[in-house]
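The structure appears right after this line, and notes come after that.
The values are calculated or read from the model by the stated rules, or taken from the named source; none is laboratory data. What you are looking at is a predicted structure, and each value in this text was computed from that prediction instead of being measured. Please note: Cβ atoms are built from the backbone with ideal geometry, for glycine as well, and neighbour counts cover all protein chains shown.
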Amino acid sequence: MIPWAQNDELFKKELIEGQLWQNHVGNFFQLCGLAVMIPPLKIRESIADAEQWSDSKDLIVEGRVIEVKARNERFTTPASFPYDTVFIDTVSGYQAKKQKPTAYVNISRKTGAMIAIPSGKPDAWKIEKKFDRIRRIWDEFYLAEKKKFCEIDILIDQLRKKS
């Protein structure tokens with residue numbers, strides 16, 4: 001097993017798959033009439049160069065940064081999310097962002113449903129050390145109670161109001 005920090009093949013696979021989900025969410029926002037910029041996929045030669053992209057953005061919607069996290073869980077609403085808490089981001093990933101996201105969108109890879117959480121209150125999030133099954137590493141993650149998430153329609157309404 002190749003360690004994550006040296007596994008360029010897994011890194012590129014995850015990057016490409018993540019871009020597909022970002023495009024899906026970005027296209028959905030566009031169909032809802034929002035102005036969306038989907039940054040083009042840039043594949044770095046090696047995961048060792050990852051720090052150069054620590055402030056990359058998934059989507060710019062109505063001028064605001066939206067992060068997209070594809071999840072392997074089956075859900076259609078925040079209430080149907082199968083756990084009491086939802087992963088938001090790694091602590092190091094969030095802290096490395098110069099421009100903090102306006103919101104995080106979690107999309108189910110099984111249903112295509114989306115839920116969202118504003119990122120304005122990270123002090124209300126929990127920090128837990130968890131095992132990342134894809135990267136096969138332990139890391140610290142921000143988590144929030146699923147009741148703090150909203151359905152995607154609410155985020156869309158908020159983005160329209162701030163336009």
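Structure notes:
- Contact annotation: no residue pair with Cβ atoms under 6 Å, 6 or more positions apart or on different chains, pairs a residue in region 29-53 that is within 19 Å of G93 (Cβ to Cβ) and of a type in the set (F, W, Y) with a partner that is surrounded by 11 or more Cβ atoms within 10 Å (Cβ to Cβ) and at pLDDT 65 or above.
- Residue in region 90-103 that is in contact with an Asp or Glu (Cβ under 9 Å, 6 or more places away or on another chain), under 17 Å from F141 (Cβ atoms), at pLDDT 90 or above and basic (K, R) present: no
- Residue in region 135-143 that is within 26 Å of L31 (Cβ to Cβ), free of Cβ contacts under 8 Å to residues at least 60 places away in the same chain and buried (at least 16 other Cβ atoms within 10 Å of the Cβ) present: no
- Strands (runs of 3 or more DSSP E) enclosed by region 49-145 - at least 1 residues per element that are within 13 Å of the chain's Cα centre (by Cα): 59-61, 64-71, 85-90, 103-108, 114-118, 137-145
- Candidates I47, I60, I38, I66, filtered to the one that is at pLDDT below 95, within 27 Å of K161 (Cα to Cα) and surrounded by 13 or more Cβ atoms within 10 Å (Cβ to Cβ): I38
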